[in-house]
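**Q** Let me give you the structure first, and then I'll get to my questions.
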């Protein structure tokens with residue numbers, strides 16, 4: 001048994017090495033009727049399909065070499081994994097390290113008169129943009145972030161961290177096109193999300209609550225005590241007041257969940273607690289500031305707990321403590337994690353255990369992930385290939401399956417492809433973030449976009465995305481179409497492609513447009529590898545993980 | 001007799017292969033069956049402020065709670081203030097392009113309309129409005145899907161269609177609706193090797209009937225139908241000019257589908273940007289810009305379809321309204337009832353429907369919001385039964401007994 005697993009592993013390594021291996025030998029191994037996948041390989045493939053952006057050739061063997069448990073611990077401690085490919089590629093994206101004030105200088109907003117002309121329709125967005133040199137245009141901020149996200153998802157060794165950065169970004173979603181959020185976005189992901197992606201939930205809530213991106217996106221920077229009147233300046237005498245937006249979403253979407261047991265009164269009280277949490281000169285500094293003079297100093301009552309008068313900035317911290325320790329939050333966060341990693345309909349038994357882990361460890365993300373990724377429910381048959389890949393997961397997993405790489409341009413191309421399938425990175429308008437359920441992603445338009453991505457990738461029409469389709473099948477082998485097909489299936493769909501899909505693909509080999517015949521029509525002369533590959537990428541089976 | 005179903009399933013593919021455009025045949029088939037009615041639903045996501053969209057300037061409490069954002073009462077010859085409807089309500093000036101439709105009595109307003117559920121969560125309220133079951137989260141399908149299902153079966157992949165990246169909740173269900181971002185891109189782009197389309201189609205024809213395979217099959221049916229009808233080539237008629245925003249482009253394409261006679265019965269488009277917590281504006285500003293887009297898009301749609309609007313009803317909806325008083329940031333927070341627009345078909349327009357609950361403090365819901373006097377199900381149900389011809393509107397909304405009295409929207 002173990003010996004067989006080793007052989008399978010070696011094959012995987014050999015296939016991964018591609019050109020180094022003797023093609024005839026590898027071909028013979030792979031073209032044999034698809035080897036029955038061992039239970040262990042299946043488990044590893046399942047783990048890779050959930051804890052990474054999809055297996056690369058050779059990944060199964062790599063996990064086998066150190067053991068599943070050790071691999072998981074490596075992924076949970078990403079600082080100890082070298083990541084040279086990513087470091088090199090990401091270093092070319094200069095905006096990623098800029099603080100917010102430098103970002104506002106480097107990529108200046110269009111002047112006020114230009115913005116007004118755009119708003120009133122006297123000028124198109126395009127015209128406004130063209131008034132600035134390309135390297136200074138604000139859209140580049142989002143383009144560089146998209147590029148970095150795709151490069152990391154495709155190439156990073158720290159896969160679980162990338163998966164969790166994406167998960168928490170959606171959990172604490174902000175939307176690039178809203179106002180000045182774009183200029184804060186890079187810092188938001190870098191400073192508020194990434195450092196805590198495998199850390200503590202409390203730290204994620206704290207870091208996002210005080211980040212200018214969140215303060216702006218959910219309007220809290222404008223929320224002041226109800227009796228406050230502007231004492232000076234052009235707005236002098238203007239009455240201002242509470243803005244409930246952040247307070248409501250903090251409870252509904254970030255912590256308790258909509259059924260977590262809070263009332264409209266709680267929303268108002270939480271909004272009062274966060275009055276004065278603002279942004280210092282939003283268009284120039286973009287730093288968090290607490291303004292005592294607009295803070296509501298009165299007593300607050302949140303979920304039955306009293307926050308005494310005069311607490312100042314600490315009121316917000318007290319609120320977060322109450323929310324984060326609440327059992328509803330434990331359940332809400334647990335259910336979302338289980339839905340992401342296990343199944344759309346999260347098994348209740350596992351949600352309970354993850355919630356218990358949350359409460360026991362004070363919201364330790366690593367501990368919750370351990371509970372999930374070692375659970376019986378995680379490895380149950382019901383969970384195997386049960387999730388539909390989200391668009392970005394789908395495009396990245398295809399590049400990874402082909403052992404491909406992307407540069408910055410390629411990253412943007414992948415982001416654009418994900419957008420065409422329905423997931424525009426950093427541009428999800430509602431604070432829910434993108435949904436994690438199949439119904440949201442499976443529909444005719446999106447399926448066509450997925451097939452078209454398969455075609456574009458396989459025929460290498462995507463700038464900056466490097467996949468070596470030629471190396472998949474040495475030219476001589478193209479005369480053996482069935483072998484080509486099994487080679488592609490083994491590469492893109494390791495494990496068990498549905499028999500039906502294989503059958504249909506076999507039938508395609510009779511199509512003279514896919515397999516060209518020799519001039520005397522007696523045998524196959526050449527196989528259109530790119531089209532076959534596109535079919536495999538666009539197949540129903542590859543939409544699952 | 002060749003029914004539409006057998007024709008589409010059998011003959012259309014062959015005609016596609018020959019490159020002919022059998023629109024005249026499709027139209028003939030449609031005519032043989034009796035012209036189908038079309039409902040176009042527009043969801044204003046984010047909760048539109050009904051008090052600005054259709055301002056109750058005749059209510060003495062209206063302007064007092066909104067010193068910075070109330071819409072000015074209409075004055076003859078000053079259309080930049082607002083446009084009078086009936087001496088009590090006025091249309092936001094940005095919606096002036098809809099006035100001809102009000103004047104020719106094809107546009108009606110239902111005010112103080114909303115959900116009996118009191119949630120102020122956008123996402124729950126949208127779900128409730130789309131499933132048609134306020135307060136019940138477990139409803140698996142949407143009310144528009146149920147409405148289509150309740151109508152006589154017709155063999156078109158396009159009976160229900162949504163313009164956008166995903167299928168909205170209201171169209172999920174047993175009818176297999178199409179979601180598409182763009183009519184022109186709705187196809188496999190195989191590059192040099194046309195065999196790819198056939199390959200994909202075969203793959204998705206196989207396998208068990210699950211979400212993925214089922215959707216795949218519908219996809220290819222829809223692709224063929226769209227091509228055979230030449231939908232992407234249908235240009236706006238009657239000089240209609242759609243605005244460039246997402247809603248305008250969605251409605252332009254819905255009009256193409258209707259004109260292409262591909263069998264649309266329910267079409268859906270949504271548009272965001274209504275969650276005006278900050279700097280809502282009054283006659284001008286953020287909300288006015290959104291309304292300009294809405295008004296221009298609906299006016300263009302109605303103009304484009306011309307006489308065909310006799311078979312088409314457009315219905316706007318939003319998950320709830322906004323607070324009666326403006327907040328500290330010249331915006332409004334989440335409220336309760338809002339206003340909805342209905343136009344086209346046999347709508348008896350030129351009238352604001354629904355009982356006005358009043359805006360004096362003691363009349364407000366929970367002391368802050370416009371009270372709901374028309375359950376949204378009463379409105380949706382009346383449109384489904386009187387326009388689409390659904391036999392029992394109440395059955396579209398499980399757990400509901402139907403309205404005490406109909407609104408009387410249809411002539």
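**Q** Against the condition more than 25 Å from residue B:388 (Cβ to Cβ), crowded, with 19+ Cβ neighbours inside 10 Å and away from every other protein chain (no Cβ under 13 Å), how does residue B:291 come out, does it pass? Steps first, answer last, please.
**A** Details: more than 25 Å from residue B:388 (Cβ to Cβ): yes; crowded, with 19+ Cβ neighbours inside 10 Å: yes; away from every other protein chain (no Cβ under 13 Å): yes.
Against the criterion (more than 25 Å from residue B:388 (Cβ to Cβ), crowded, with 19+ Cβ neighbours inside 10 Å and away from every other protein chain (no Cβ under 13 Å)), residue B:291 qualifies.
**Q** Here's another thing I want to ask about it. Give me a count of the residues in the range A:481-511 that are under 21 Å from residue A:42 (Cβ atoms) and either modelled with pLDDT of 85 or more or in the same structural domain as residue A:56 (by TED's automatic domain parsing) (or both). I'd like the intermediate steps shown before the answer.
**A** So the first thing to find is which residues in the range A:481-511 are under 21 Å from residue A:42 (Cβ atoms), and the list is A:486-502.
Add one more test, that the residue is either modelled with pLDDT of 85 or more or in the same structural domain as residue A:56 (by TED's automatic domain parsing) (or both), and what stays is A:486-494, A:502.
Residues in the range A:481-511 being under 21 Å from residue A:42 (Cβ atoms) and either modelled with pLDDT of 85 or more or in the same structural domain as residue A:56 (by TED's automatic domain parsing) (or both): 10 in total.
**Q** Turning to a different aspect of this structure: Which residue, of B:231, B:266, is in contact with a helix residue (DSSP H, G or I) (Cβ under 8 Å, 6 or more places away or on another chain), over 17 Å from residue A:442 (Cα atoms) and surrounded by 24 or more Cβ atoms within 10 Å (Cβ to Cβ)?
**A** Working: B:231 fails: surrounded by 24 or more Cβ atoms within 10 Å (Cβ to Cβ).
B:266 is the lone residue from the list that is in contact with a helix residue (DSSP H, G or I) (Cβ under 8 Å, 6 or more places away or on another chain), over 17 Å from residue A:442 (Cα atoms) and surrounded by 24 or more Cβ atoms within 10 Å (Cβ to Cβ).
**Q** Let me ask something additional. Would you check which residues across the range A:238-260 are part of a loop (DSSP other than H, G, I, E, B), in contact with a helix residue (DSSP H, G or I) (Cβ under 7 Å, 6 or more places away or on another chain) and over 18 Å from residue A:326 (Cα atoms) and list them? Write out each step before concluding.
**A** First, pick out the residues of the range A:238-260 that are part of a loop (DSSP other than H, G, I, E, B): A:238, A:240-244, A:255-260.
Now restrict to residues that are in contact with a helix residue (DSSP H, G or I) (Cβ under 7 Å, 6 or more places away or on another chain): A:242-244, A:255-258, A:260.
Those that are part of a loop (DSSP other than H, G, I, E, B), in contact with a helix residue (DSSP H, G or I) (Cβ under 7 Å, 6 or more places away or on another chain) and over 18 Å from residue A:326 (Cα atoms): A:242, A:243, A:244.
**Q** For the range B:163-182, how many residues meet the condition of being under 19 Å from residue B:234 (Cα atoms) and more than 7 Å from every other protein chain (Cβ to nearest Cβ)?
**A** Residues in the range B:163-182 being under 19 Å from residue B:234 (Cα atoms) and more than 7 Å from every other protein chain (Cβ to nearest Cβ): 2 in total.
**Q** Take the range A:517-531 and flag every residue that is free of Cβ contacts under 8 Å to residues at least 60 places away in the same chain and either within 30 Å of residue A:436 (Cβ to Cβ) or more than 7 Å from chain B (Cβ to nearest Cβ) (or both). Steps first, answer last, please.
**A** Residues of the range A:517-531 free of Cβ contacts under 8 Å to residues at least 60 places away in the same chain: A:517-528.
Within the range A:517-531, A:517, A:518, A:519, A:520, A:521, A:522, A:523, A:524, A:525, A:526, A:527 meet the criteria.
**Q** Separate question: Restricting attention to the range B:331-347, does a residue exist that is surrounded by fewer than 23 Cβ atoms within 10 Å (Cβ to Cβ) and either within 14 Å of chain A (Cβ to nearest Cβ) or not in a loop (DSSP other than H, G, I, E, B) (or both)?
**A** Within the range B:331-347, none of the residues are surrounded by fewer than 23 Cβ atoms within 10 Å (Cβ to Cβ) and either within 14 Å of chain A (Cβ to nearest Cβ) or not in a loop (DSSP other than H, G, I, E, B) (or both).
**Q** Taking the conditions exactly as written (out of contact with any strand residue (DSSP E or B) (no Cβ under 7 Å at 6 or more places or on another chain), at pLDDT below 95, away from chain A (no Cβ under 14 Å) and part of a loop (DSSP other than H, G, I, E, B)), does residue B:79 satisfy them or not?
**A** Details: out of contact with any strand residue (DSSP E or B) (no Cβ under 7 Å at 6 or more places or on another chain): yes; at pLDDT below 95: yes; away from chain A (no Cβ under 14 Å): yes; part of a loop (DSSP other than H, G, I, E, B): yes.
For residue B:79, the condition - out of contact with any strand residue (DSSP E or B) (no Cβ under 7 Å at 6 or more places or on another chain), at pLDDT below 95, away from chain A (no Cβ under 14 Å) and part of a loop (DSSP other than H, G, I, E, B) - is met.
**Q** Still on this structure: From the list A:228, A:232, pick out the single residue that is more than 21 Å from residue B:123 (Cβ to Cβ), within 12 Å of chain B (Cβ to nearest Cβ) and surrounded by fewer than 24 Cβ atoms within 10 Å (Cβ to Cβ).
**A** Numbers: A:232 fails: within 12 Å of chain B (Cβ to nearest Cβ).
Step by step, each of A:228, A:232 is checked, and only A:228 is more than 21 Å from residue B:123 (Cβ to Cβ), within 12 Å of chain B (Cβ to nearest Cβ) and surrounded by fewer than 24 Cβ atoms within 10 Å (Cβ to Cβ).
**Q** If you don't mind, there's one more thing I want to ask. Mind checking which residues of the range A:388-428 are buried (at least 22 other Cβ atoms within 10 Å of the Cβ), within 14 Å of chain B (Cβ to nearest Cβ) and part of a helix (DSSP H, G or I)?
**A** Listed by number, the residues that qualify are A:391, A:392, A:394, A:417, A:418, A:420, A:421.
**Q** To continue, here is another question. Output the number of the condition that residue A:514 fails; it satisfies all remaining conditions of (1) facing chain B (nearest Cβ under 10 Å); (2) farther than 29 Å from residue A:46 by Cα; (3) surrounded by fewer than 21 Cβ atoms within 10 Å (Cβ to Cβ).
**A** (3)
**Q** A follow-up question, please. Would you mention how many residues in the range B:146-162 are within 17 Å of residue B:390 (Cβ to Cβ) and within 12 Å of chain A (Cβ to nearest Cβ)? Walk me through how you get there before you give the answer.
**A** Taking the range B:146-162 first, the residues within 17 Å of residue B:390 (Cβ to Cβ) are B:146-154, B:159-160.
Then keep just the ones that are within 12 Å of chain A (Cβ to nearest Cβ); that gives B:160.
Looking only at that region, the number is 1.
**Q** Next question, about the same structure. Restricting attention to the range A:391-412, which residues are touching a strand residue (DSSP E or B) at 6+ places or on another chain (Cβ under 6 Å) and over 17 Å from residue A:537 (Cα atoms)?
**A** Result: A:406, A:410.
**Q** Suppose we keep only residues that are under 14 Å from residue B:250 (Cβ atoms) and more than 8 Å from every other protein chain (Cβ to nearest Cβ) within the range B:183-217. Which one would you say is modelled with the highest pLDDT?
**A** Per the criteria, the residue is B:183.
**Q** Quick check: anything in the range A:110-117 assigned to a loop (DSSP other than H, G, I, E, B) and under 27 Å from the mean Cα position of the chain (by Cα)? Reasoning before the result, please.
**A** Taking the range A:110-117 as the starting set, the residues that turn out to be assigned to a loop (DSSP other than H, G, I, E, B) are A:110-111.
When the remaining residues are screened for being under 27 Å from the mean Cα position of the chain (by Cα), the result is none.
No: the range A:110-117 contains no residue that is assigned to a loop (DSSP other than H, G, I, E, B) and under 27 Å from the mean Cα position of the chain (by Cα).
**Q** Go through the residues of the range B:121-130 one by one and say whether even a single one is surrounded by fewer than 22 Cβ atoms within 10 Å (Cβ to Cβ), away from chain A (no Cβ under 11 Å) and either part of a loop (DSSP other than H, G, I, E, B) or under 21 Å from the mean Cα position of the chain (by Cα) (or both).
**A** There is no residue in the range B:121-130 that is surrounded by fewer than 22 Cβ atoms within 10 Å (Cβ to Cβ), away from chain A (no Cβ under 11 Å) and either part of a loop (DSSP other than H, G, I, E, B) or under 21 Å from the mean Cα position of the chain (by Cα) (or both).
**Q** Quick check: anything in the range A:171-188 away from chain B (no Cβ under 14 Å) and in contact with a strand residue (DSSP E or B) (Cβ under 8 Å, 6 or more places away or on another chain)?
**A** No.
**Q** May I ask you to list the residues in the range A:429-444 that are modelled with pLDDT of 90 or more and either more than 7 Å from chain B (Cβ to nearest Cβ) or in a loop (DSSP other than H, G, I, E, B) (or both)?
**A** Within the range A:429-444, A:431, A:432, A:433, A:434, A:435, A:436, A:437, A:441, A:442, A:443 qualify.
**Q** Now for a different question. Closer than 21 Å to residue A:213 by Cβ, in contact with a helix residue (DSSP H, G or I) (Cβ under 7 Å, 6 or more places away or on another chain) and not in a helix (DSSP H, G or I): which single residue out of A:176, A:150 fits that description?
**A** Numbers: A:150 fails: not in a helix (DSSP H, G or I).
None of the others qualify; the one that does is A:176.
**Q** Checking residue A:283 against (1) under 18 Å from residue A:178 (Cβ atoms); (2) part of a loop (DSSP other than H, G, I, E, B); (3) within 14 Å of chain B (Cβ to nearest Cβ), only one condition comes out false. Which one?
**A** Answer for residue A:283: the failing condition is (3).
The values are calculated or read from the model by the stated rules, or taken from the named source; none is laboratory data. Quantities reported herein were computed from a predicted structural model and do not represent experimental measurements. Using ideal geometry, Cβ is built from the backbone for each residue, glycine included, and neighbour counts are taken over all protein chains shown.
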